[in-house]
Amino acid sequence: DQINVKIDHTFSSKHNANFSYTWEKEDQINGPGPQPFPDAPGGKYGNEDAFYSLAVTSTLTTRIVNELRAGAQRARIRSYAPWEWNGADALLPTAGPNPYIVDLVSVTDPIPTGVIDGWGYMAPLYSVSDNVSWIRGRHTLKGGGEYRALSSDVFSAFDVLPRARIQATAAVPVVGVT
């Protein structure tokens, strides 16, 4: 899914602005942790991104033009384990009120339990800039500055949910007992 919006506005012959917005969303069912059986739950992967920008241009005098720009990018990515969505957590066994996962090491698990636990991140970027142009005859002098703010918010829920790992082993004969 995607939505794009662009708005241009002229305040006067000397001042105008434009705003742009884009939103994107994508979901992939069975992206991480595909269903091992037709009726078993699978994982889900999704991202949701938003981009904003605003630009204001002002002709302050016949020789000076100011351009102010601001923008943001907010990208979110999320991977859901099979038990985290669509009510699949009701399929998990519980010990009291606490759910846990049964990991059948030697056979195919009905709910995938490998390295597909939930994780996600958001890494926003913000930017503001201002530029001034001075025009005289055939010459133009430009100057300005920009500020960028970056951050990252990451989480991982690997092995947060308790697991009971069950593995079948071959019987080993007891020797050396008399």
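Computed from the coordinates by the stated procedures, all read-outs in this text should not be read as laboratory data. All values derive from a computational prediction rather than experimental measurement. Every residue, glycine as well, gets a Cβ built from its backbone with ideal geometry; the counts of neighbours run over all protein chains shown.
The ratio of the alpha-carbon radius of gyration of the stretch 5-161 to the globular-protein estimate 2.2 N^0.38 Å is 1.69. Near T22, within a Cβ-to-Cβ distance under 10 Å, what is the net charge of the other residues, with Lys and Arg +1 and Asp and Glu -1? Taking every Cβ under 10 Å from that of T22, the sum is -1.
Using 0.36 nm per residue and subtracting the Cα-Cα separation, the extra length available between N131 and S151 on full extension is 4.7 nm.
Working from label points 7 Å from Cα in the Cα-to-Cβ sense, the A164 to I29 distance is 3.0 nm. Expressed as a fraction of 2.2 N^0.38 Å, the C-alpha radius of gyration for the stretch 3-81 is 1.86. The alpha-carbon of K6 sits under 25 angstrom from the alpha-carbons of these lysines, leaving out residues fewer than 8 places away in its chain: K14, K25. Highest mean packing comes first when the peptides 125-137, 78-90 are listed by Cβ atoms within 10 Å, giving 78-90, 125-137. Here the spin labels are modelled as points 7 Å beyond Cα on the Cα-Cβ line, and at A55 and L104 they lie 6.0 nm apart.
For the chain, the share of DSSP beta bridges that are antiparallel, to the nearest 5, is 95%. The trypsin sites (Lys or Arg not before Pro) of the stretch 1-45 meeting both criteria, a DSSP state outside H, G, I, E and B (loop) and at most 15 other C-beta atoms within 10 angstrom of the site's C-beta, are K14.
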